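To keep things clear, I will list the structure first and then write my remarks on it.
Just so you know, all these numbers are worked out from the coordinates, no wet-lab data involved. Worth saying up front: this structure is predicted, and the values here are computed from it rather than measured. Every residue, glycine among them, receives a Cβ derived from its backbone with ideal geometry; neighbour counts consider all protein chains shown.
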Amino acid sequence: MSDGEADRMVVVRDMGLSHREFFRSLQTLAREWQCQIRNDGVLIDYDGGEIDIVLGKEGRRRIAAMSLPRTEVQFCFSRLTSLQRKKFFYRFDLAYRRGGG
């Protein structure tokens, strides 16, 4: 495959949010992209390819006396180049910043 293309690529992120917060922030992106929302994540049609986002178990991250939500999030990219994945994550990260995007 050329130009950073891959038929399938998986990226895993440990995110500081609950499932509820994930789906709340997803509303912004669902206005821009075609999304099929499931209980455990979402399938997104993106720029000629697909991104299947799967949420892992919700847990807690403890820092001193604080307890914060955490969820492992798996991004399965199909038919997207490296550049397309970078563009997706740029927009995704904007939407998932605290305060929205």
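Dipole check for the chain: with +1 at the C-beta of Lys and Arg, -1 at the C-beta of Asp and Glu, and the Cα centre as origin, the magnitude is about 620 Debye. With a cut-off of 13 Å between beta carbons, the residues surrounding ARG91 carry a summed charge of +2, where Lys and Arg count +1 and Asp and Glu -1. Summary value for region 51-101: 30 percent relative contact order, contacts being C-alpha pairs under 8 angstrom separated by 6+ residues. With contacts taken as Cα pairs under 8 Å and at least 6 residues apart, the chain reaches a relative contact order of 37 percent.
In the list (1) 170; (2) 99; (3) 188, the label attached to volume of the Cα convex hull per residue in Å³ as derived from the coordinates here is (2). Using θ = phi - 60° in the Karplus curve 6.51 cos²θ - 1.76 cosθ + 1.60, the 3J(HN,Hα) couplings for region 13-30 round to 10, 9, 10, x, 7, 8, 4, 4, 5, 4, 5, 5, 5, 5, 4, 4, 6, 5 Hz; x is entered for Gly and Pro. 3J(HN,Hα) along region 37-49: 7, 10, 4, 9, x, 7, 10, 10, 7, 9, 6, x, x Hz, from the Karplus curve 6.51 cos²θ - 1.76 cosθ + 1.60 with θ = phi - 60°, whole Hz, x for Gly and Pro.
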